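Accompanying notes for the structure given below.
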Amino acid sequence: MRIDILTLFPRMFEGPLDESILKKARERALVQIAIHNVRDHAEGKHRITDDRPFGGGPGMVMKVEPMVRCIESLKTLDSHVVLLTPQGKRLEQSTLQSLSQKKHLILVCGHYEGVDDRVRQLMVNEEISIGDYVLTNGAIPAMVVVDGVTRLVPGVLGHDDSSKDESFSHGLLEYPQYTRPEDFRGVKVPEVLLSGNHQQIAKWRQEMSRKKTQEQRPDLLK
Ligand code: SAM
């Protein structure tokens with residue numbers, strides 16, 4: 001899979017893409033990720049990427065031409081163009097599953113008051129929000145998508161089953177997990193997990209999963 005990210009802040013991606021599982025996935029060429037500075041596609045001495053909104057109002061709007069030129073320089077028949085915006089559909093695990101099936105993602109990050117709507121009208125296949133709140137720019141939302149998608153690409157996680165049996169994969173939250181020591185400050189690991197009885201362990205995990213979901217996210221059970 002290839003992912004191209006369009007942003008005004010390429011350096012924001014340096015840390016997250018160079019650590020842990022994302023770093024290894026890139027080194028093993030399971031995903032290719034490239035960052036593009038939209039400013040490189042702006043014209044004039046000052047390479048201006050924003051302007052005042054038509055109709056007035058506060059703030060600035062990202063200009064259409066540099067963004068469209070940048071997308072056009074990358075787009076192929078396999079591309080799926082995603083605009084990160086609080087006005088998009090809220091990101092869910094199922095969205096990540098579907099994005100992970102694509103060959104090529106182009107992630108468009110906005111800034112200021114957002115992006116001239118003609119970018120969306122002319123170029124975008126899907127609008128995604130990472131939640132009902134507003135951040136300063138699209139870099140962190142894009143990183144959320146890259147991280148969530150990359151771990152679903154076959155071969156990226158050490159154990160591919162890790163992403164098949166976790167929170168949201170069966171409409172429930174995951175059961176509590178424990179590792180050594182068996183007793184920490186008097187809080188003991190549930191006996192059943194030490195029993196070696198796989199049937200009992202599976203039953204306990206299913207019950208705990210349901211209980212946790214009922215307590216924290218009853219909306220998922222509806
Ligand atoms: N004026 C816009 C509005 O009210 O919908 C908000 C613009 S926001 C300050 C600037 C950029 O940050 C957006 O264009 C988008 O790329 C990104 N952004 C902010 N919050 C986001 C969210 N919840 N999900 C996805 N992208 C977001």
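Within the range 175-222, count every residue that is assigned to a helix (DSSP H, G or I) and hydroxyl-bearing (Ser, Thr, Tyr).
Adding up the residues that qualify gives 2.
If you go through the range 145-164, how many residues are out of contact with any strand residue (DSSP E or B) (no Cβ under 9 Å at 6 or more places or on another chain) and not in a loop (DSSP other than H, G, I, E, B)?
Residues flagged as out of contact with any strand residue (DSSP E or B) (no Cβ under 9 Å at 6 or more places or on another chain) and not in a loop (DSSP other than H, G, I, E, B) within the range 145-164 amount to 6.
Return yes when LEU96 is touching a Lys or Arg at 6+ places or on another chain (Cβ under 6 Å), within 16 Å of the ligand (Cβ to nearest atom) and either of a type outside the set (Val, Ile, Thr) or not in a loop (DSSP other than H, G, I, E, B) (or both) and no when it is not.
no
Does any residue of the range 125-135 turn out to be more than 9 Å from the ligand (Cβ to nearest atom), assigned by TED's automatic domain parsing to the domain that holds THR7 and of a type in the set (A, V, I, L, M)?
No, the conditions are met nowhere in the range 125-135.
Would you please name the residue that is surrounded by the most Cβ atoms within 10 Å (Cβ to Cβ), looking only at residues in the range 178-202 that are farther than 21 Å from GLU166 by Cβ and small (Gly, Ala, Ser)?
Only one residue fits best here, namely SER195.
Kindly indicate the residue of the range 107-124 that is in a loop (DSSP other than H, G, I, E, B) and more than 9 Å from the ligand (Cβ to nearest atom) and also nearest to LEU6 (Cα to Cα) among those meeting that condition.
VAL124
The values are calculated or read from the model by the stated rules, or taken from the named source; none is laboratory data. Since the model is a prediction, treat every value here as computed from it, not as a measurement. Positions of Cβ are backbone-derived with ideal geometry, glycine not excepted, and every protein chain shown enters the neighbour counts.
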